[in-house]
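*Asks:* I have a structure here, written as structure tokens, and I will follow up with some questions on it.
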Amino acid sequence: MPATLFRLIVALCCIGGVFGLAPIAHAERVRDIGSFQGVRSNQLTGYGIVVGLDGSGDDTLEYLTQAMKGVSGRMGLQLPPGVQPGLKNAAAVLITADLPAFAKPGQRIDITVSAIGKAKSLRGGALILTPMYGADGQIYAMAQGNLAVGGLGITAKDGSQLTVNIPTTGRIDEGATVERAVSTGFDRSEVLRYNLNTADFLTAQRVRDAINTRFPGMASAEDAVTIALHLPVGADSRSSVLAAIEMINVTPAEAAARIIVNSRTGTVVINSAVRLSPAAVSHGKLTVRIDEKSRVSQPSALSNGRTAVTPSSQITAEEEKSHVALVKGGASLSKIVDALNLLGVTPSDLVAILEALKQAGALKAEMVVI
């Protein structure tokens, strides 16, 4: 990645540090920095059959054959023993969906249908009625409907193929009907817990204090993530209180000093909390080049020598001129970027410099390699 692009990424991700020595704090709503325990979605999965395909199905896969026999049996149709139905127009699929919090029987949810066998496309197919199970093995929804597939796959007789997007995955809007509600204990538990998305003791204290300012004595911090809420009994009263709590504004604590390095793409992101102790940085490159050539040694006609091939090597070394960049103590992100730009380093060189500064004790930040 070019150094110019790296500088742009750093500037955009940490604009607060570039224009000032300290990041600008912004108030966030309680609902945006955490969630209430138990008030969440649940994952559902199911195994089903898509029919009506235009010859792009799984054909003779054994698990598809067994599934089709089961579907036929539920409809009262028994296939003769030993008969293997041709299933080129059908495909075995997995169905996934998220069951929202407080979803009630009769409500409809969106589902995603994905082929698991040799099917080339699900375009034009229809999903047969399929139960969807939760992690506890219980049926929570029933799925059925016509697929909407954004991809397209075409195969010619000579074997050439054309594929646009992913034709083996589709969606059915409101394709499943909820059959069972998930109990959250929202209206019965004595204490409802609020969990921050990111653990931070200072942020947890600020959320607790903000809630207690609005509702005295209601909140207490259990750790860096959880705030326990002592709510009134009854769903109606609790709903009103939680609606008010979600809209309370809180200023989160400044993030810890952290440097993120993506070893696969070479991306380096430095947040605005990173500071440096006094340090001098010098960076240069030494290039060693070895040229190998062959020379033919031809003896004179009067000598008894033989023609021989002798190697000829030439070694050259070049070292680029480097600058020494001085970084004063307590330097902000803008100063760090200016100093590194002066050295003209690449992202890979930047990682080496940051690691050296950390080993020297001049860099006060956590380095995370992803």
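Nothing in this text is a laboratory measurement; each read-out follows from the coordinates by a stated rule. Computed from a prediction, not measured in an experiment: that's the story for all the values here. Don't worry about glycine lacking a Cβ; one is built from the backbone with ideal geometry, like all the others, and counts go over all protein chains shown.
*Asks:* Going by amide H atoms built from the backbone, whose H comes under 5 Å of the H on residue 34, apart from near neighbours?
*Replies:* When sequence neighbours closer than 5 places are left aside, the close amide H contacts are 197.
*Asks:* State to the nearest 20 debye the size of the charge dipole of segment 185-250 about its Cα centre, where the only charges are +1 on K and R beta carbons and -1 on D and E beta carbons.
*Replies:* 100 debye
*Asks:* Ok, one more. Show the residues, 5+ positions off or on another chain, whose built amide H is closer than 5 Å to the amide H of residue 274.
*Replies:* Those qualifying (amide H under 5 Å, at least 5 residues apart or on another chain) are 258.
*Asks:* Semi-axes of segment 185-250's equivalent ellipsoid from the Cα gyration tensor, sqrt of 5 times each eigenvalue, largest first, rounded to whole Å?
*Replies:* 20, 13, 10
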